[in-house]
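Student: Below is the structure I would like to discuss, written out as structure tokens.
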Amino acid sequence: SDYETILVEQRPETNGAVTLITLNRPQALNALNNKVLSELIAAFAAYDADDSQRCAVLTGSEKAFAAGADIKEMSDQGFADMYGNNHFGGWDRVVATRKPWIAAVSGYALGGGCEVAMMADFIIAADSAKFGQPEIKLGVTPGMGGSQRMARAIGKAKTMEMCLTGRMMDAEEAERSGLVARVVPAADLVEEAVKTAETIAGMGPLAALAVKEMVDAAFETTLTQGVAFERRLFHGLFGSEDQKEGMAAFVEKREAKWKGR
Ligand code: HXC
């Protein structure tokens with residue numbers, strides 16, 4: 001690929017169904033500058049557009065998933081620069097990815113790094129992971145959705161404490177709090193995340209899109225509206241060949257062959 005700050009690979013052991021995107025600015029602990037953002041926007045759009053790719057994993061290095069937005073890039077910016085250019089607004093395009101993706105976090109996930117991890121459908125953490133929103137120590141606040149996504153993930157008390165003190169949370173606490181789905185040994189992180197992604201990649205593509213859309217809706221709407229939305233998507237899947245195939249395969253005691261139709 002032509003990227004400078006990320007590596008993108010369709011994993012061969014999954015026959016290319018799992019796309020691994022690796023943040024690769026080791027000299028800056030994967031600090032998220034404009035170049036990283038534009039490359040991630042392109043990589044996620046390419047992933048979303050290619051039917052052969054069914055699930056993606058975003059990871060960093062052993063030492064850092066990402067140590068934040070690039071402080072050196074922001075330090076001299078004024079209000080007009082930040083507001084006028086809608087700084088960080090491009091992350092909405094990463095969030096708009098319709099297909100599932102997992103954040104595999106080892107080491108530091110701080111500030112924007114933690115916020116990007118929380119944009120994923122779920123997080124798998126290495127036992128070495130450290131999460132935090134230390135922006136307050138820089139005289140600012142989370143700016144890529146962290147206050148909102150963390151509050152929805154772990155509630156008010158811990159979010160307030162994390163964002164007001166800037167302290168770090170280890171992997172064990174993150175799992176206990178509901179910030180991460182699962183903790184694995186650091187040495188196994190990428191393998192475990194790819195394996196989990198492969199499981200998802202083996203499901204019917206339409207059902208995977210629908211699960212993502214309906215679970216996300218839970219954070220945007222009321223219970224009554226959310227349950228109705230879920231039921232409509234569920235009903236809609238009965239218009240697909242994959243529903244006929246999936247249920248026939250169960251009855252016939254064989255593996256389903258998904259078409260994504
Ligand atoms: C730019 C960064 C960076 C960042 C680290 N680096 N984090 N550069 N932006 N967010 C650079 C360092 O300057 C250094 O470059 C190199 O990466 C290695 O970092 P060290 O500090 O030498 O490593 P270490 O001593 O191991 O400490 C690791 C660390 C520390 C604890 C993670 O780097 C750290 O505190 N980083 C900042 C964390 C942070 O505040 N993140 C939130 C950012 S603001 P040189 O060239 O000196 O070797 C944000 C919020 C966005 O994300 C919303 C609004 C602002």
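Student: Treat each spin label as a single point 7 Å out from the Cα along the C-beta direction, and report the H235 to A187 distance in nm.
Tutor: It is 5.3 nm.
Student: Only bridges with both residues in the chain count here: give the DSSP antiparallel percent, nearest 5.
Tutor: Around 25 percent antiparallel, to the nearest 5.
Student: Still on this structure, I have one more. Using the Cα centre of the chain as origin and beta-carbon charges of +1 (Lys, Arg) and -1 (Asp, Glu), tell me which of A43, A120, V194 is placed farthest towards the positive end of the dipole.
Tutor: A120
Student: OK, next. Of G155, F234, M168, which is farthest along the charge dipole of the range 127-261 in the positive direction, counting Lys and Arg as +1 and Asp and Glu as -1 at C-beta?
Tutor: Projecting each Cα onto the dipole axis, the largest value belongs to F234.
Student: Kindly flag which residue pairs out of K130/K259; K99/K257; K195/K259; K72/K195 have an alpha-carbon separation exceeding 29 Å in this structure.
Tutor: Exceeds cut-off: K130/K259; K72/K195.
Student: Follow-up question, since we're still on this one. To test your reading of the geometry: what angle, between 0 and 90 degrees and rounded to tens, separates the Cα axis of helix 189-201 from the longest principal axis of the chain?
Tutor: 40
Student: Once the piece of chain linking E220 and V251 is laid out straight, how much longer is it, given 0.36 nm per residue of separation minus the C-alpha distance between them?
Tutor: Full extension from E220 to V251 adds 7.5 nm.
Student: While we're on this one: Note down the relative contact order for the chain as a percent, whole number, built from C-alpha pairs under 8 angstrom at least six residues apart.
Tutor: Worked out over the chain, it gives 16 percent.
Student: For the chain, which span is the longest to avoid every loop-located (per DSSP) member of chymotrypsin sites (Phe, Trp or Tyr not before Pro) having at most 15 other Cβ atoms inside 10 Å?
Tutor: 1-218
Student: Rank these for me by crowding, K156, K35, going from fewest to most other beta carbons within 10 Å.
Tutor: Lowest count first: K156, K35.
Student: Mind listing the long-range amide H neighbours of V184? Cut-off is under 5 Å, sequence gap 5 or more, other chains count too, H placed in the peptide plane at 1.01 Å from N.
Tutor: Residues meeting the criterion, in which the H sits 1.01 Å from N, are A125, A126, D127.
Student: When the helices in the chain are scored as -39500 (n - 2.57) per DSSP H run of 4 or longer and the sum is shared across all residues, what 222 nm value do you end up with, to the nearest 500 deg cm²/dmol?
Tutor: -13000 deg cm²/dmol
Student: Moving to a separate point now. Below 8 Å, C-alpha to C-alpha, sequence gap of six or more: please give me the relative contact order for the range 168-261 in percent.
Tutor: Taking the mean separation of contacting Cα pairs over the length of the range 168-261, I get 23 percent.
Student: A follow-up question, please. Would you kindly work out the equivalent ellipsoid of the range 1-123 from its C-alpha gyration tensor and give its semi-axes, the square roots of five times the eigenvalues, largest first in whole Å?
Tutor: 25, 16, 12
Student: Tell me which residues come under 5 Å, amide H to amide H, from G60 once H is placed; ignore anything under 5 positions away on its chain.
Tutor: Under 5 Å from the amide H of G60 lie the amide H atoms of L23, S106, each far enough along the sequence or on another chain.
Student: Using the alpha-carbon atoms, what tilt in degrees (0 to 90, nearest 10) does helix 241-251 show relative to the longest principal axis of the chain?
Tutor: Taking Cα atoms only, the helix is inclined about 70 degrees.
Student: Right, something else. Starting from the Cα of E213, step 7 Å along the direction of its Cβ; do the same at Q10; then give the gap between the two resulting points in nm.
Tutor: 2.4
Student: Could you put E245, E191 in order, starting from the residue whose Cβ has the fewest other Cβ atoms within 10 Å?
Tutor: Ordered from fewest to most neighbouring Cβ atoms within 10 Å, E245, E191 come out as E191, E245.
Student: Here's another thing I want to ask about it. Taking the square root of 5 times each eigenvalue of the Cα gyration tensor, what semi-axes in Å does the equivalent ellipsoid of the chain have, largest first?
Tutor: Over the Cα atoms of the chain, the ellipsoid semi-axes are 32, 21, 18 Å.
Student: What's the magnitude of the charge dipole for the chain around its Cα centre, counting Lys and Arg as +1 and Asp and Glu as -1 at the beta-carbon? Answer in Debye, nearest 20.
Tutor: So the dipole magnitude of the chain works out to roughly 600 debye.
Student: What's the exposure ranking of C163, C55, C114, going from fewest to most Cβ atoms within 10 Å?
Tutor: Fewest-to-most ranking of C163, C55, C114: C163, C55, C114.
Readers should treat all values here as calculations from the given coordinates under stated rules, not as data from a laboratory. Quick caveat: nothing in here was measured; it's all calculated off a predicted structure. We place every Cβ from the backbone using ideal geometry, glycine too, and count neighbours over all the protein chains shown.
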